[in-house]
Amino acid sequence: MTEQGVPLKVIEIAEGIKTMRIRGAGRIARAAAEALKIAALEYGGVKEVSPFKKYVGKVADLLIATRPTAVSLPNAVMYVLASLHRANPRTFEDAVNAVVFSAEKFINESINAVKIIAETAAKRIRENSTILTHCHSSVAISAIIEAYKLGRLVKVYSTETRPIFQGRITAKQLLENGVPVVQIPDSAVRYVMHEVDHVIIGADTVASNGAVVNKIGTSQVALAAKEARVRVYVVAETYKFSPTTLIGEPVPIEFRDPAEIVPESWLRNHPRVKVLNPSFDVTPPEHIDAIITEIGVIPPQAAILVLMERLGWALDKIKQGGFAKIKFEDFTE
């Protein structure tokens with residue numbers, strides 16, 4: 001345990017999310033749910049409902065602070081805490097069980113969602129297709145592998161995805177599953193687009209108007225695809241849809257250390273040069289043909305309907321100031 005009573009394993013998970021050792025919206029969400037489960041099981045404070053709820057709220061705040069853009073993180077946390085709130089536990093044991101049960105349910109539903117999305121997306125791929133993908137998305141990888149198993153694709157172009165090169169992870173995982181992959185620099189997307197039949201990309205956040213926030217460079221991929229009349233499919237679980245955008249809140253774009261782009265020694269030798277390192281960009285809905293979710297295939301403009309149906313329960317708290325200003329300790333009272 002740390003001085004704040006938070007288990008070390010939870011601290012490690014939070015640090016893993018912050019430093020991007022844990023990557024991808026789905027993995028981040030499942031890691032957050034797992035952290036809450038661990039926190040509940042290893043709670044060492046007063047065995048009463050009220051202090052336990054406050055403790056869970058503090059753990060939730062710790063997790064939320066790690067990454068500002070990937071909405072899957074606060075959605076996963078909100079899912080577990082809302083379940084605890086609705087359970088209205090009478091005993092400490094009931095409160096612990098509510099957190100553990102909802103965390104496990106979220107994780108299982110998340111994993112199952114990937115399977116459903118992959119199978120749905122694969123059916124939309126024409127035979128003998130070439131696919132282009134950007135960054136590292138477990139859902140996109142699963143969809144591509146499923147399409148390959150169905151005999152529908154002959155090649156995948158995978159961008160390196162500077163500056164952290166998540167695309168190399170994508171290429172490695174596809175190769176391990178027998179999928180023919182060609183690794184290309186991000187700047188070669190337009191050069192190869194005339195060979196591409198489908199673009200399949202993941203999402204960190206889907207806004208209420210159908211815009212997609214994803215790894216930097218995604219919007220350029222979609223723009224090149226639109227120019228070449230290549231279909232763009234976004235594969236995303238519904239917990240990546242952002243409730244805050246329903247009330248006009250913009251999705252915060254994370255800016256990371258300039259040293260990810262250029263060596264620190266170079267920065268020291270060129271102190272007047274400013275380096276901008278945004279992690280994400282926004283792809284407008286008109287550059288996306290469909291968003292494929294576990295509840296079906298929707299046009300981007302239907303994102304608001306998904307939000308109202310699946311995540312509308314969160315609106316009351318969000319209206320108080322958005323995820324970034326919510327103190328989850330207050331939510332558990």
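The values are calculated or read from the model by the stated rules, or taken from the named source; none is laboratory data. Source: prediction; values computed, not measured. Backbone-built Cβ (ideal geometry, glycine too); neighbour counts: all protein chains shown. SASA here: full protein model, heavy atoms, side chains in, ligands and nucleic acids out. Shrake-Rupley method; radii C 1.70, N 1.55, O 1.52, S 1.80 Å.
Annotations
- Kirkwood Rh, Cα atoms: Rg over Rh of the range 202-281: 1.10
- Its Cα centre serving as origin, the chain has a Cβ charge dipole (Lys and Arg +1, Asp and Glu -1) of approximately 360 debye.
- Note that the chain presents 46 Å² accessible area per residue, ligands and nucleic acids not counted, probe 1.4 Å.
- For peptides 275-286, 35-46, sequence by mean Cβ density within 10 Å, most packed first: 35-46, 275-286
- Whole-angstrom gap from the range 181-238 to the range 10-57, using each part's C-alpha centre: 32 Å
- 31 Å Cα-Cα threshold exceeded, pairs from Lys47/Lys215; Lys37/Lys240; Lys37/Lys274; Lys9/Lys215: Lys47/Lys215; Lys37/Lys274
- Accessible area in the full protein assembly, largest first, 1.4 Å probe, for Phe52, Phe101: Phe101, Phe52
- Partner aspartates and glutamates whose Cα lies under 13 Å from the Cα of Lys123, excluding those fewer than 8 positions away in the same chain, are identified as Glu146.
- Of the DSSP H helices in the chain, those with a Cα length along their own long axis of 27 Å or more and a mean Kyte-Doolittle hydropathy reaching 0.5 comprise 92-122.
- Cα convex hull of the range 116-309 - mean projected area over all directions, nm²: 11.5 nm²
- With an a/c value under 1.5 for the gyration tensor axes a ≥ b ≥ c computed over the alpha-carbon atoms, the range 125-236 is described as rounded.
- Rounded, prolate or oblate (a/c below 1.5 giving rounded, otherwise prolate when a/b exceeds b/c) for the range 1-119 by Cα gyration tensor: oblate
- Accessible surface of the range 20-127 [probe 1.4 Å, protein heavy atoms]: carbon and sulfur percent: 52 percent
- With contributions of -39500 (n - 2.57) from each DSSP H run of at least four residues, the per-residue ellipticity at 222 nm computed over the chain stands at -14000 deg cm²/dmol.
- Whole-number D in µm² s⁻¹ for the range 63-162, Kirkwood Cα-pair radius fed into Stokes-Einstein, 10 °C, 1.306 mPa s: 98 µm²/s
- Total charge dipole magnitude, the range 71-163, about the Cα centre, Cβ charges on Lys, Arg, Asp, Glu only, Debye to nearest 20: 400 debye
- Translational diffusion coefficient (Stokes-Einstein; Kirkwood radius from C-alpha pairs) of the chain at 20 °C, 1.002 mPa s, in µm²/s: 104 µm²/s
- Prolate/oblate/rounded label for the range 218-258 (Cα gyration tensor, a/c 1.5): oblate
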